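The values are calculated or read from the model by the stated rules, or taken from the named source; none is laboratory data. Because the structure is a prediction, the values reported are computed rather than measured. Because the Cβ atoms are built from the backbone with ideal geometry, glycine has one as well, and the counts that use them run over all protein chains shown. Accessible surface areas use protein heavy atoms only, side chains included; no ligands, DNA or RNA. Shrake-Rupley method; radii C 1.70, N 1.55, O 1.52, S 1.80 Å.
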Amino acid sequence: MSDEFVLDDIVEAGDGWIGEIPAGTLLRITDLHGNQAVDTLFYDAHDYANRYSAMDTIREQGAVYLTTGSVLMTVNSDPLATIVDDTCGRHDTLGGACSQESNVVRYGRLTRHQHSCRTTFVRKAKEWGRGLEKRDIAHNINFFMNVPVTVDGGLTFEDGVSAPGKYVELRAERDLLLLISNCPQLNNPCNGYDPTPISLTGRRP
């Protein structure tokens, strides 16, 4: 039986996306132009409090980076999704999402009014409604983002390890709510100082 596509969208540079992904869907996120960070939040579609947990995911897989075989876990230790294919090689879940406050701390007061991923998350959550609130914005994954861990336990933001057309594909292990900020960051190399669009496709095997 041929695949049935349930999702085929472009998320423009600096924009966001929110929607439900049915269990069993194969979700592909493609870095169309390369070197673009995709900040992503995952929730159980039927219980937003049961959301993605970086700590539980890292503990269960015994590794700080995500790639093929990584199972994304919730705060209740339930599987949300599994990475089934990855042409990039690794993805960050430690660096968090940029915000107005972190921009000021890292890059100075002149960046205070620049757009940020947290701003996108809050805006899209408000648009969605249905019980999703600002307090539900917690741990996120930064697909395609390169955040090496230093020998002393610190984090650095480096040039991406992605390239045009690289993708990560996940299988939804339960009905999901997906919230994406296609990162607008201009002050570090996570987007090559030039944010670009990504594509989202979903299909049911």
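Name every residue in the stretch 20-79 that is out of contact with any helix residue (DSSP H, G or I) (no Cβ under 9 Å at 6 or more places or on another chain), open to solvent by 40 Å² or more (accessible area, probe 1.4 Å) and of a type in the set (S, T, N, Q), in order of residue number.
Correct list: Gln61, Thr67, Thr68.
Cβ-Cβ distance below 8 Å, separation of 6 or more or different chains: which pairs start in the stretch 1-20 with a residue that is within 21 Å of Cys183 (Cα to Cα) and end on one that is open to solvent by 100 Å² or more (accessible area, probe 1.4 Å) and at pLDDT 95 or above?
Ile18/Glu127
Would you pick out the residues in the stretch 42-77 that are charged (D, E, K, R) and either assigned to a helix (DSSP H, G or I) or in contact with a Lys or Arg (Cβ under 7 Å, 6 or more places away or on another chain) (or both)? Step through it out loud before you land on a result.
Just the residues of the stretch 42-77 that are charged (D, E, K, R), to begin with: 44, 47, 51, 56, 59-60.
Passing the criteria: Asp44, Asp56, Arg59, Glu60.
Considering only residues that are of a type in the set (Asp, Glu) and over 11 Å from the mean Cα position of the chain (by Cα), look in the stretch 84-105 and name the one that is nearest to Leu186 (Cα to Cα). Before the answer, list the steps.
At the first step, the residues of the stretch 84-105 found to be of a type in the set (Asp, Glu) are 85-86, 92, 101.
Checking the rest, the ones that are also over 11 Å from the mean Cα position of the chain (by Cα) come to 85-86, 101.
Details: Asp85: 29, Asp86: 26, Glu101: 15 Å.
Filtering the stretch 84-105 for residues that are of a type in the set (Asp, Glu) and over 11 Å from the mean Cα position of the chain (by Cα), the one nearest to Leu186 (Cα to Cα) comes out as Glu101.
I'm trying to understand the selection: among the residues of the stretch 186-202, which are in contact with a Ser or Thr (Cβ under 7 Å, 6 or more places away or on another chain) and either outside any loop (DSSP other than H, G, I, E, B) or open to solvent by less than 30 Å² (accessible area, probe 1.4 Å) (or both)?
If we filter the stretch 186-202 for residues that are in contact with a Ser or Thr (Cβ under 7 Å, 6 or more places away or on another chain), which is where we start, we get 187, 198-199, 202.
Within the stretch 186-202, Ile198, Ser199, Gly202 qualify.
Condition first: surrounded by fewer than 20 Cβ atoms within 10 Å (Cβ to Cβ) and closer than 24 Å to Pro197 by Cβ. Now tell me which residues in the stretch 143-168 satisfy that.
Residues satisfying the conditions are Glu158, Asp159, Val161, Ala163, Pro164, Gly165, Tyr167.
If I filter the stretch 141-185 down to residues being part of a loop (DSSP other than H, G, I, E, B) and among the polar types (S, T, N, Q), which single residue comes out as nearest to Pro205 (Cα to Cα)? Reasoning before the result, please.
Filtering the stretch 141-185 for residues part of a loop (DSSP other than H, G, I, E, B) gives 144-148, 150-154, 156-165, 173-175, 183-185.
Add one more test, that the residue is among the polar types (S, T, N, Q), and what stays is 146, 150, 156, 162, 185.
Values: Asn146: 31, Thr150: 40, Thr156: 38, Ser162: 27, Gln185: 35 Å.
Result: Ser162.
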